[in-house]
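Every number here is computed from the coordinates shown, using simple stated rules; none is lab data. Just so it is clear, the model here is predicted, and its values are computed rather than measured. A quick note on method: Cβ atoms are made from the backbone with ideal geometry, for glycine too, and the neighbour counts reach across all protein chains shown.
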Amino acid sequence: MAETKIIDGKAFAENLCGQIAAEVGALKPHGIPGLAVVLVGEDPASAVYVRNKARQTIAAGMNSFEHRLPASLSEDNLIALIGQLNRDHSVHGILVQLPLPPQISADKVLAAIDPTKDVDGFHVVNAGRLATGLPALVPCTPLGCTMLLKSIIPNMRGLKAVVIGRSNIVGKPMAQLLLQQDCTVVMAHSRTRNIAEECRQADILIAAVGRPQMIRGNWIKPGAAVIDVGINRVDGGNGKSKLVGDVAFDEALGIAGYITPVPGGVGPMTIACLLQNTVTAFKAQRLTQA
Ligand code: NDP
């Protein structure tokens with residue numbers, strides 16, 4: 001049985017955050033990057049994410065502006081707040097925590113964010129720029145996956161990459177980033193025929209489905225790099241719940257060349273890339289205006 005190397009996303013993200021903090025320090029003569037995070041309602045998981053984002057933003061030496069609003073907030077009022085943040089020169093990045101309550105259209109709210117402050121990379125302008133090869137703010141999770149991949153496979157040219165999942169947040173931008181690396185990309189989804197067979201041909205396999213351990217060991221090409229984006233809470237068997245990915249991790253060991261664990265793989269990279277995007281947005285706003 002060949003050895004599978006486990007990609008330590010937590011250590012990679014800690015290192016990246018250290019580099020970001022150093023860059024923020026060096027940028028001080030130009031000002032301090034500021035990230036505004038907007039949370040509507042009291043979804044407990046979202047509240048934890050927002051708290052972590054604020055903590056890490058401050059730890060990197062940046063300003064964090066938290067806006068916690070009631071679940072009853074109207075769409076107009078949220079869009080008015082976005083307009084205010086767009087005009088605020090101390091705010092360089094704006095993140096609206098999803099999901100939003102049913103009375104608010106996420107599409108309308110995301111479209112209201114100034115694309116130069118869109119650190120989540122969800123605005124159609126950034127999606128279009130990414131798809132056409134222009135500089136863009138790129139969604140954090142696929143950006144983090146790409147960084148992990150580059151650390152193990154510096155040259156991905158010609159490799160076959162299979163991305164399972166076609167969401168605007170993960171799957172589609174992930175496929176664009178792999179195309180930029182000259183991979184031959186296949187996008188699989190819930191209507192794909194013979195999905196296991198598609199996966200077996202992948203030198204790089206990205207699972208972004210949201211189905212616990214759907215990708216079995218015998219779907220993986222020996223030696224492949226497997227990036228597991230899925231975060232699924234399942235019964236831990238001891239009266240407690242636990243987190244698992246979209247890949248059957250134990251089955252993948254000894255087959256995959258590399259794999260990201262869940263937790264501790266892609267997850268920590270997402271917040272680190274949010275900080276990185278905030279610095280990128282700051283530099284584009286401040287340094288190009290000078
Ligand atoms: P979505 O629900 O938006 O998309 C899921 C995708 O998986 C869809 O394209 C869907 O296909 C596809 N899919 C669903 N079932 C199957 C199936 N049986 N076979 C093949 N494809 C299937 O999810 P997200 O992209 O937002 O997230 C995916 C996972 O990644 C989730 O577990 C989420 O929690 C996790 N995640 C993790 C992050 C991190 O920081 N680590 C950040 C963001 C997400 P179709 O389009 O045909 O319906």
Need the list of aspartates and glutamates near LYS117 for cross-linking: C-alpha distance under 17 angstrom, and skip anything on the same chain fewer than eight residues off. GLU66, ASP88, ASP107
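Rounding to the nearest 20 debye, state how big the charge dipole of segment 65-174 is about its Cα centre with +1 on each Lys and Arg Cβ and -1 on each Asp and Glu Cβ. The partial results should precede the final answer.
Numbers: 10 positive and 8 negative charges, 130 e Å.
Roughly 620 debye, rounded to the nearest 20.
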In nm, the gap between the two label points placed 7 Å beyond Cα toward Cβ at ASN52 and LYS150 is 2.3
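For n ≥ 4 DSSP H runs only, could you compute -39500 (n - 2.57) per run for the chain, divide by its residues and tell me the 222 nm figure to the nearest 500?
Details: 10 runs with 116 residues, N = 290.
One gets -12500 deg cm²/dmol as the mean residue ellipticity at 222 nm.
Average projected area of the Cα convex hull of segment 135-290, in nm²? The partial results should precede the final answer.
On the way: hull surface 40.6 nm².
If I average the Cα hull's projected area over directions, I get 10.1 nm².
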Is there a quick way to get the dipole size of the chain? I mean about its Cα centre, with the Cβ of Lys and Arg at +1 and of Asp and Glu at -1; what is the value in debye to the nearest 20? 260
For segment 38-78 and segment 6-26, what is the centre-to-centre distance using only Cα atoms, to the nearest Å? 22
Unpartnered cysteines of the chain (Cβ-Cβ under 4.7 Å counts as a partner)? CYS17, CYS145, CYS183, CYS199
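For ARG191 and GLU42, calculate 0.36 nm times their separation in residues minus their Cα-Cα distance, and state this gained length in nm to one decimal. If you can, show how the numbers build up before the last one.
Working: separation 149, 0.36 × 149 = 53.64 nm, distance 3.44 nm.
Difference between extended and current length: 50.2 nm.
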Cross-link candidates for LYS172: which aspartates and glutamates have Cα within less than 16 Å, leaving aside residues fewer than 8 places away along the same chain? ASP120, ASP182, ASP228
Label 7 Å along Cα→Cβ of GLU251; segment 4-24 residues with amide nitrogen under 19 Å? 4-5
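Using Cβ contacts closer than 10 Å as the measure, can you line up ILE32, ILE220 from fewest to most?
Numbers: ILE32 13, ILE220 26.
If I rank by nearby Cβ atoms, fewest first, I get ILE32, ILE220.
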Quick one: give the max-minus-min coordinate of the C-alpha atoms of the chain along each principal axis, largest first, in Å. 56, 43, 33
Which whole DSSP H helices in the chain pass both tests: a Cα extent of 15 Å or more along the axis and a mean Kyte-Doolittle value no lower than -1.0? 9-26, 44-59, 75-87, 140-152, 266-286
With 25 Å as the limit, write out which pairs from LYS10/LYS150; LYS53/LYS221; LYS108/LYS160 have Cα-Cα distances beyond it, or answer none. LYS53/LYS221; LYS108/LYS160
What's the longest piece of the chain with no exposed GluC sites (Glu not before Pro), counting a site as exposed if DSSP puts it in a loop and it has at most 12 other beta carbons within 10 Å? 43-290
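Using only the Cα atoms of segment 1-151, build the gyration tensor, take square roots of its eigenvalues as a ≥ b ≥ c, and label the shape rounded, prolate or oblate: rounded if a/c is under 1.5, else prolate if a/b is larger than b/c, else oblate.
On the way: a/c = 1.57, a/b = 1.42, b/c = 1.11.
Here segment 1-151 falls in the prolate category.
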